[in-house]
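K.L.:
Pasting a structure here, questions to come.
The values are calculated or read from the model by the stated rules, or taken from the named source; none is laboratory data. What you see is a predicted model, and the numbers here were worked out from it, not measured in a lab. Glycine also receives a Cβ, built like all others from the backbone with ideal geometry; neighbour counts cover every protein chain displayed.
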């Protein structure tokens, strides 16, 4: 994504191109056989529609209160992350609804398979976020991504990120009444841009 | 002046284009401000835009009400009334023959079971919009930019039940030609045409070129006019703002092909302006108008998967029916939806194309169970369902909440039956199994059954239901009670097939009362298939029946390369039993080792062997539980991880199930009962499923209420099942209040029941604060507590 100057970009990713952190996965999945992991991994790939949306957005700070996505955010942890930045990248990444359905149906077949599929999917969505950062990193110098729910950044900011990036339209992201993003394997994040 | 319905039969109609971006560009909207508010704050801007589109050549203008609904705005009625009035006034000013579409957009929520919005609540919200526009002069209802088939159904029903205007639906498809929720074009067309929409199509998300393949599919399957409203190409960022990459003339040129193919209503969506509509009309006005060709495809579908009847014979799995099935009866009485879902998936694995679902038992609430079963099975299984009930109220309730187009079992030739079933099929859509019997009973002759079929066809057509939506069941009667019974049935199948009618049979009825039923059933199935049978209602786990079916497909040339036969035929051993391939070597592995190593199939087979020489209680207490305890201890000492614990629990659970089969009749192992649920507002279930498995493996009787469960239902279940314990799970901080409320209610209504709580966001301190008896940091913890208390 060289020479990206702004606006919103939406990219779809082929599942077999997503790199996952095998060490972290091995820790979570210790005890499941390689055969089981391989079978479930292929089934998970069959059921994902991976995509991400990135939007360049202005951020400002007055008296310790940030303004981002047309709202004021009081978060000392986010303040530290974006300190010195005038812009951030708003990232929304998802693996799609078919995966939610597949993982839910595994709960009927086998709790252990459901657990493995869920853990694999967590690793895959992080992989999609990593790919988005590498992509955007070709145009900007970025800091570490920071998501709603980290530190004192309220979970509700996730909904603001989705609205600001129009990811409800481009990626189909929705929220439940209790604030859960759907599809369940969806990540929203704020990535500082150091100009 | 012609109405919308008259005009779409004789001419192409042009929709208007985009709204929001244009209003922003003109400075009428601040960043992030929704356009619908301008109905009150700047009505002239909206009125003038409508005029511009009408003067540019649009035949249909959409009211500025896309984002309005009763959940979002307290003053939704005023906003809608203003929006419709502005459009009607502009139409009257500019073009008396213009049409006004009440524009309804998506609710921005996902319906259950994917999300948390109840279907009837969604219908109610859409109904509020339709009622608010009543009598204001709209000519049609347009439901647009919908990406979930279930939401589309809710909107169409709301419109149909609250006004008499024609309903048009356009959906947002992905580049793979499917909706976000998984439905493909066949399923979308089958469902929406079954609901009686006047036109359907595609809008938004893509430009004309990107939509082309999906539009081709829509034109191939739809029998109503097809709508195409693309964006102005793909968006790109032009230094300070987003722009679309097609000019008006490029947009118009790229629409020509789809108009020539037969798109009957065309216009634009995001990024398009009156210039685009003018260019589109100019480029396409001389292309001859073509009505969609009549197609005779017969489709049934689920939310994700469509199946066509009449191409090759299909199998309807019969196991979700309590008749003659004690386990299904027990599952229905115990409201064990997990068992029903597991049976659904097992039949899917065995090769069924459609699943029959019957919840009729004398001592249960059939309607409530049917609706729950439809809802839960559709969440996990892609196969279309055949709703099987003798009661009209149960049929209506199930057809209403079903996502897709079901098979309906059944109607017969009696007036009462046809008067009950056909109106429901007309309203909700469905393909109907029609039994060739009537008030006088089942005719003994082929001709008698054919005559009833002819009567049913005629009456169905009076209701506007085409014969291609009927599948005739000539009734397989037991040959043991009549030598010619099979001959008459097979003769009727042939005769109906020769008349161009579809047929189905409940195959296993023919052998009732005779030995070696599988032999006779498979021979009868073969004979019926060669006689032209289209649907066979069978047990797909029967090797004999499946082999007969697969053999027929190969021999009749319907299995290219014999692929299905090679992949699916089941080898039979000399004893006639199906040989099960197992990848696990069960030599010298004890039951205890099988549990410790998580070898599920081996655990089952070893347990069966032990049952020959040991009592069930001995095996449970001396082998299964100690093996589990060993695994549990290693898990607590962090010597093994959760997947291992779960596999062991699955193996133990399977062995437990075997041992329970060998309890002497009337004797039961004293089991504690635990009711499990994820609390209201929370739709996570993995943690709960892990707890369920571990508790089951330790011999607890587990009642799983599922996820997003209201407190009242948990309390009611605790009382009904006389549970010893209730286990509550929550994975989100926002749903902790629901957990607190549930605990409070349980303590008030069932103070003797112990409450265990768990979940990633919980702490021991919070658990104590809300009055729970125990905080379980993991499943093993919970089991240890439950065993001792």
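Let's see how each residue does on (1) over 30 Å from residue B:592 (Cβ atoms); (2) without any contact (Cβ under 8 Å) to a residue 60 or more places away in the chain; (3) more than 10 Å from every other protein chain (Cβ to nearest Cβ):
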| residue | (1), (2), (3) |
| --- | --- |
| B:671 | no, yes, yes |
| B:676 | no, yes, yes |
| B:687 | no, no, no |
| B:694 | no, no, no |
| B:702 | no, yes, yes |
| B:707 | yes, yes, no |
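For (1) assigned to a helix (DSSP H, G or I); (2) modelled with pLDDT of 95 or more; (3) in contact with a strand residue (DSSP E or B) (Cβ under 9 Å, 6 or more places away or on another chain), each residue gets a yes or a no:
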{"residue": "B:690", "(1), (2), (3)": "yes, no, no"}
{"residue": "B:695", "(1), (2), (3)": "yes, no, yes"}
{"residue": "B:707", "(1), (2), (3)": "no, no, yes"}
{"residue": "B:741", "(1), (2), (3)": "yes, yes, yes"}
{"residue": "B:748", "(1), (2), (3)": "yes, yes, no"}
{"residue": "B:755", "(1), (2), (3)": "no, yes, yes"}
{"residue": "B:762", "(1), (2), (3)": "no, no, yes"}
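K.L.:
While we're here: From the list B:748, B:717, B:740, pick out the single residue that is away from chain A (no Cβ under 13 Å) and within 28 Å of the chain's Cα centre (by Cα).
P.N.:
Testing whether each residue is away from chain A (no Cβ under 13 Å) and within 28 Å of the chain's Cα centre (by Cα) leaves just B:717.
K.L.:
Any residue in the range B:480-495 that is surrounded by fewer than 23 Cβ atoms within 10 Å (Cβ to Cβ) and closer than 14 Å to residue B:437 by Cα?
P.N.:
Within the range B:480-495, one or more residues are surrounded by fewer than 23 Cβ atoms within 10 Å (Cβ to Cβ) and closer than 14 Å to residue B:437 by Cα.
K.L.:
Somewhere in the range B:295-311, is a residue in a loop (DSSP other than H, G, I, E, B), away from chain A (no Cβ under 14 Å) and crowded, with 24+ Cβ neighbours inside 10 Å?
P.N.:
No: the range B:295-311 contains no residue that is in a loop (DSSP other than H, G, I, E, B), away from chain A (no Cβ under 14 Å) and crowded, with 24+ Cβ neighbours inside 10 Å.
K.L.:
Of these, B:57, B:17, B:32, which one is within 14 Å of another protein chain (Cβ to nearest Cβ) and in contact with a helix residue (DSSP H, G or I) (Cβ under 9 Å, 6 or more places away or on another chain)?
P.N.:
B:32
K.L.:
Could you look through the range B:336-351, keep only residues that are crowded, with 21+ Cβ neighbours inside 10 Å and in contact (Cβ under 8 Å) with a residue 60 or more places away in the chain, and pick out the one that is nearest to residue B:721 (Cα to Cα)?
P.N.:
Among them, the one singled out is B:337.
K.L.:
Shifting gears a bit: Just to be sure before I move on: is residue A:179 on the phi > 0 side of the Ramachandran plot, more than 10 Å from every other protein chain (Cβ to nearest Cβ) and over 14 Å from the mean Cα position of the chain (by Cα) in the structure I sent?
P.N.:
So residue A:179 fails the test.
K.L.:
Which of the residues belonging to the range B:455-478 are in a helix (DSSP H, G or I), in contact (Cβ under 8 Å) with a residue 24 or more places away in the chain and either within 18 Å of residue B:530 (Cβ to Cβ) or under 29 Å from the mean Cα position of the chain (by Cα) (or both)?
P.N.:
Across the range B:455-478, the qualifying residues are B:456, B:457, B:460, B:467, B:468, B:469.
K.L.:
Return the residue satisfying two criteria in turn: it lies in the range A:146-161 and is farther than 12 Å from residue A:73 by Cα and touching a helix residue (DSSP H, G or I) at 6+ places or on another chain (Cβ under 6 Å), and of such residues it is farthest from the other protein chains (Cβ to nearest Cβ).
P.N.:
Ranking the candidates gives A:146 first.
K.L.:
Return the only residue of A:116, A:128 being facing chain B (nearest Cβ under 8 Å), touching a residue at least 24 places away in the same chain (Cβ under 8 Å) and part of a helix (DSSP H, G or I). Write out each step before concluding.
P.N.:
Numbers: A:128 fails: facing chain B (nearest Cβ under 8 Å).
Answer to the selection: A:116.
K.L.:
Can you tell me which residue is nearest to residue B:222 (Cα to Cα) among those in the range B:158-171 that are surrounded by fewer than 24 Cβ atoms within 10 Å (Cβ to Cβ) and touching a helix residue (DSSP H, G or I) at 6+ places or on another chain (Cβ under 8 Å)?
P.N.:
In this case the residue turns out to be B:166.
K.L.:
Next up: Just to verify a result, which residue in the range B:349-397, among those that are in contact with a helix residue (DSSP H, G or I) (Cβ under 8 Å, 6 or more places away or on another chain) and within 17 Å of residue A:102 (Cα to Cα), is nearest to the other protein chains (Cβ to nearest Cβ)?
P.N.:
Looking at the filtered set, the residue picked out is B:380.
K.L.:
Given the residues B:122, B:155, B:190, B:138, which is the only one that is touching a residue at least 40 places away in the same chain (Cβ under 8 Å) and either within 14 Å of chain A (Cβ to nearest Cβ) or more than 23 Å from residue B:426 (Cβ to Cβ) (or both)?
P.N.:
Answer to the selection: B:138.
K.L.:
With the structure loaded, tell me whether residue B:286 is within 14 Å of chain A (Cβ to nearest Cβ) and farther than 28 Å from residue B:402 by Cα or whether it fails that test. I'd like the intermediate steps shown before the answer.
P.N.:
Working: within 14 Å of chain A (Cβ to nearest Cβ): no; farther than 28 Å from residue B:402 by Cα: yes.
No, not satisfied.
K.L.:
Before we move on, is residue B:346 away from chain A (no Cβ under 14 Å) and either at pLDDT 95 or above or in a helix (DSSP H, G or I) (or both)?
P.N.:
Here the answer is no, as residue B:346 does not meet what is asked.
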